[in-house]
Amino acid sequence: MKSIVLCTENIEKRFGGVIALKDGSIEIRPGEVLALVGSNGSGKSTLTKVITGVLSSDGGTITYHDKPVSYSNPMAAQRAGIMAVYQELSLIPSLTVAQNIWLANEPKTRFGSIDSKTMNAETAKLLTLFEGTFQPSLHPEAYVRDLPLDERQIVEILKAYSRKPEVLILDEATASLDSKQVNCLFDLIQLLKSEDKGLVFVSHRMDEIFRIADRAVILRNGKTVGEVLIADSNEDEIVHLMVGSNVGLTRELGGRMTFSAQESVLIVEDLENEQLNGVSFNIKQGELVGIGGLRGQGQSSLLHTLFGNSHYTGKITLFDETLSFDHPKEAIEHGVALIPGDRATEGLLLLRSIFENFHLPNWAKYCRPLLKMKSAHSDAEEMGKQLNLIMESLDAPVSSLSGGNAQKVVIGKWLLREPKLLLLDDPTKGVDVGTKSEFYKLLVKLQENGTTILFYSSDEQELLDLCERVLVMQDGKVKADLSGDNLTEANLVFHSMGATNNNNHHEESTHA
């Protein structure tokens with residue numbers, strides 16, 4: 001067995017009452033690629049951020065080169081030789097490519113000033129590692145703000161590589177790259193392997209894991225639950241470890257509504273833009289359809305596109321009318337509402353009152369022919385009661401509310417419009433259990449009233465408990481349409497990872 005360059009044992013991390021990690025244990029060995037695998041919320045990113053000093057741990061130990069270590073910030077970890085590449089880029093848009101790559105590590109002249117000529121020349125050499133996969137506009141003196149996302153990701157990778165790390169963590173680093181760029185990254189990984197560097201590879205793509213990794217550690221619910229040698233394993237075994245003992249078992253439908261209507265009220269055909277790659281599906285009136293898959297696979301983009309926030313090619317038919325929304329205002333006029341998950345930036349005006357936030361999209365209703373403030377107050381009070389909103393008064397600032405109650409305001413302002421199609425973008429993220437329960441009951445009531453619902457959640461269990469169907473997305477495509485006996489946790493995880501050997505799983509159902 002190879003020696004161990006870095007080891008974590010029983011790492012714990014809590015965020016308030018939420019336990020993100022309760023036993024994060026891995027071994028990183030020189031000259032080997034370790035795949036870190038797990039579903040949404042399993043603790044993968046939390047563990048890597050503890051290792052790199054982005055987060056402090058609440059328990060457990062990290063051993064690096066046989067010595068216990070604890071880094072208070074990422075710079076301390078970088079100085080020790082531990083680097084990470086995350087999906088959330090650390091680049092500064094107003095600086096050039098070269099300035100970003102060499103930030104805080106700039107070559108100096110003999111007089112102690114930054115040697116820009118050497119810095120640009122070294123950057124040009126680094127860029128040859130991805131030669132032929134980017135546009136001429138990517139060069140050492142290009143400003144990062146002018147680059148597309150895939151080229152920014154290349155810069156982020158080269159920034160980490162330029163530090164000559166002993167341990168390199170790649171957390172979903174391929175998510176923004178095309179196939180040629182991924183090939184170049186894998187060549188770079190092989191080069192680092194040959195130099196006996198320790199490598200951790202986090203990916204939502206099963207084919208990449210089997211292509212580049214030597215070993216895989218699986219996390220589930222914040223705990224390390226298994227380890228396999230890639231050469232001796234297969235997709236089914238890894239999915240089994242990710243899901244637990246329920247692989248292949250059909251979950252009880254519980255309170256999910258059965259649905260018998262035949263007419264489709266929403267038909268989406270070959271929807272494409274920068275994040276979507278030919279999305280097609282349909283939904284019937286009163287149906288609650290979930291959107292699953294690992295985070296960042298186009299789920300939010302799909303919802304925002306349907307709401308008129310993004311340009312697209314393809315066809316959207318809503319209530320037998322072919323539509324092309326250029327602005328959310330047009331979607332709203334057709335009975336479409338979007339409830340975002342990020343209430344602070346997309347859902348609320350935090351400095352305004354609860355009353356004003358309730359009526360952000362609704363004032364036109366009360367302005368003809370005169371402003372009907374009494375009616376507006378009455379409707380807001382009634383909505384507050386329906387949602388069991390705990391507040392001092394409607395005039396209190398919405399920022400005074402708890403997270404769960406603030407999310408109720410985001411929901412309530414759209415329910416006041418009585419939408420025909422309700423789009424939900426991970427709306428229960430960061431919401432307490434009690435509020436979730438109230439929210440679930442509300443969705444069932446809306447269904448009973450004929451509201452059609454398209455619901456993205458990063459919580460797989462939530463999708464399984466609530467939805468009749470789940471569209472599983474990966475890389476901007478619908479990879480599976482699961483319903484009935486096919487709607488199991490195993491199938492949901494299997495298709496979200498892009499697995500192909502489906503011998504032990506139900507085939508996805510189709511909805512023409």
Test: residue in the stretch 111-121 that is in the same structural domain as residue 32 (by TED's automatic domain parsing) and within 30 Å of residue 64 (Cα to Cα) | no
Output the residues belonging to the stretch 120-150 that are surrounded by 13 or more Cβ atoms within 10 Å (Cβ to Cβ) and either in contact with an Asp or Glu (Cβ under 6 Å, 6 or more places away or on another chain) or at positive phi (or both).
-> 134, 138
If you go through the stretch 171-187 one residue at a time, do you hit one that is surrounded by fewer than 20 Cβ atoms within 10 Å (Cβ to Cβ), polar (S, T, N, Q) and part of a helix (DSSP H, G or I)?
-> yes
Among (1) assigned to a helix (DSSP H, G or I); (2) at pLDDT below 95, which single condition is residue 157 missing?
-> (2)
Only one of (1) surrounded by 18 or more Cβ atoms within 10 Å (Cβ to Cβ); (2) more than 21 Å from the chain's Cα centre (by Cα); (3) within 26 Å of residue 445 (Cα to Cα) is not met by residue 282, so which one is it?
-> (1)
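With modelled with pLDDT under 85 and of a type in the set (Asp, Glu) as the only criterion, which of 379, 342 stands out?
342
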Specify which of the listed residues (368, 295) is in a loop (DSSP other than H, G, I, E, B) and buried (at least 16 other Cβ atoms within 10 Å of the Cβ).
-> 295
When residue 95 is run through (1) touching a residue at least 24 places away in the same chain (Cβ under 8 Å); (2) over 30 Å from residue 9 (Cα atoms); (3) crowded, with 18+ Cβ neighbours inside 10 Å, the failure sits at (3)
Assuming residue 399 fulfils every condition listed in (1) surrounded by fewer than 19 Cβ atoms within 10 Å (Cβ to Cβ); (2) among the polar types (S, T, N, Q); (3) in the same structural domain as residue 458 (by TED's automatic domain parsing) apart from one, which condition is it?
-> (3)
Number of the exception - residue 138 against (1) under 25 Å from residue 75 (Cα atoms); (2) part of a loop (DSSP other than H, G, I, E, B); (3) not polar (S, T, N, Q) | (1)
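Within the stretch 459-475, work out how many residues are surrounded by fewer than 21 Cβ atoms within 10 Å (Cβ to Cβ) and not charged (D, E, K, R).
Result for the stretch 459-475: 1.
The values are calculated or read from the model by the stated rules, or taken from the named source; none is laboratory data. None of these values were measured; they are calculated from a predicted model. Backbone-built Cβ (ideal geometry, glycine too); neighbour counts: all protein chains shown.
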